[in-house]
1. Among residues belonging to region 67-116 that are open to solvent by 40 Å² or more (accessible area, probe 1.4 Å) and at positive phi, point out the one that is farthest from the chain's Cα centre (by Cα).
2. Quick one: count up the residues across region 117-133 that are open to solvent by 60 Å² or more (accessible area, probe 1.4 Å) and either within 15 Å of the ligand (Cβ to nearest atom) or in a loop (DSSP other than H, G, I, E, B) (or both).
3. Just one of Ser164, Ser203, Ser189, Ser180 is open to solvent by 30 Å² or more (accessible area, probe 1.4 Å) and near the ligand (Cβ under 10 Å from one of its atoms); which is it?
4. Under the condition of being open to solvent by 90 Å² or more (accessible area, probe 1.4 Å) and part of a helix (DSSP H, G or I), which residue from region 1-19 is nearest to Ile91 (Cα to Cα)?
5. Of the conditions (1) of a type outside the set (A, V, I, L, M, F, W, C); (2) open to solvent by 30 Å² or more (accessible area, probe 1.4 Å); (3) part of a helix (DSSP H, G or I), Ser55 satisfies every one except a single condition; which number is it?
6. Any chance region 251-263 includes a residue that's more than 10 Å from the ligand (Cβ to nearest atom), among the β-branched types (Val, Ile, Thr) and over 17 Å from the mean Cα position of the chain (by Cα)?
7. Of the conditions (1) surrounded by 15 or more Cβ atoms within 10 Å (Cβ to Cβ); (2) of a type outside the set (Ser, Thr, Tyr); (3) under 14 Å from the mean Cα position of the chain (by Cα), Val152 satisfies every one except a single condition; which number is it?
8. So which residues in region 219-249 are surrounded by 21 or more Cβ atoms within 10 Å (Cβ to Cβ) and either outside the structural domain of Lys190 (by TED's automatic domain parsing) or acidic (Asp, Glu) (or both), if there are any at all?
Amino acid sequence: MQIAMVQDKIVPFEDLAPVYLDRGTFFGDGVYEVLRSYDGHIFALEDHLKRFARSLNETNITGVDIDDIRTKVVEAFEKAKIDNAKIYFHITRGSGVRDHTSITNIKPNFFLTVTTLEDATEQKTNGIKVSTFPDWRWKRCDIKSLNLLANVLAKFDAQKKGCSEAILVNDNDQITEGSSSAFFAVIQSKLVTHPLGKDILPSITRKIVLEIARDTDLEVLEKTITPAQAKNADELFIAVTTRDIVPVVEFDGQMTGDGTPGKYTKQLMQKFAEMVKRF
Ligand code: PLP
């Protein structure tokens, strides 16, 4: 008799709910998105859907209609009636027996949540501390896949050190990005961030920050920096959908600038907030 055990209950294998046989759980075989709303309006929905479609395509997950995803996201958001919401959704390749390549007759599973965004005012006002951690991730970090164990371990390490974000450093001593954010440095009026490629996520917030920066005195440089360079940077910040721009005031125990959010960072935050209002 084929059986399964769920917590402490034995059930016949045939009676298992498909959710227990999700390839997302077995293999991290799925892709996801996180987007947000500002004051009742979903922000950058098309950018997120485009990135999601790309993630599906790069992982050969087929049978997903992006127009249907858009409808689901909007419907759920309207139903939740949360003005400043975090919208998470994922698609996994489907449910079936645990076999790496047995995927005939399975269809993608969709899951979505709409929850209240945590208030980031304190972090945005006072800045956060960050610490470095080795970038242990795979070689396709441009895909927003459900395989986040390396990110989770990095973030736990940061938390243990009293930091809010882990900044990932690759084997060549170069900073790639945060465990769940893009990373920026301001060095002598230059805004520096890792170039797009397979080793970072094409962050939507990163893209917007680079657009906004065109309206400032900052020169944009998409190049890698080392932790030593970050330690000596004039300003640092992270960028992520759920909190947009968050100043970094301490990097691996060393104060950044004068230990308060930098002037360019504040200017970019201001411009970001103005852009959101016009959205
Ligand atoms: N980099 C990583 C590894 C992330 O997980 C995230 C967001 O979760 C980001 C960057 C920021 O991406 P976005 O601006 O699209 O939220």
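The values are calculated or read from the model by the stated rules, or taken from the named source; none is laboratory data. For clarity, every value in this text was computed on a predicted model and none was experimentally measured. A quick note on method: Cβ atoms are made from the backbone with ideal geometry, for glycine too, and the neighbour counts reach across all protein chains shown. The area values use the complete protein model at the heavy-atom level, side chains included, leaving out ligands, DNA and RNA. Shrake-Rupley method; radii C 1.70, N 1.55, O 1.52, S 1.80 Å.
1. So the residue we want is Asn105.
2. Adding up the residues that qualify gives 2.
3. Exactly one of Ser164, Ser203, Ser189, Ser180 is open to solvent by 30 Å² or more (accessible area, probe 1.4 Å) and near the ligand (Cβ under 10 Å from one of its atoms), namely Ser180.
4. Val19
5. (2)
6. Yes, the conditions are met somewhere in region 251-263.
7. It is condition (1) that Val152 fails.
8. The answer is Glu235, Asp244.
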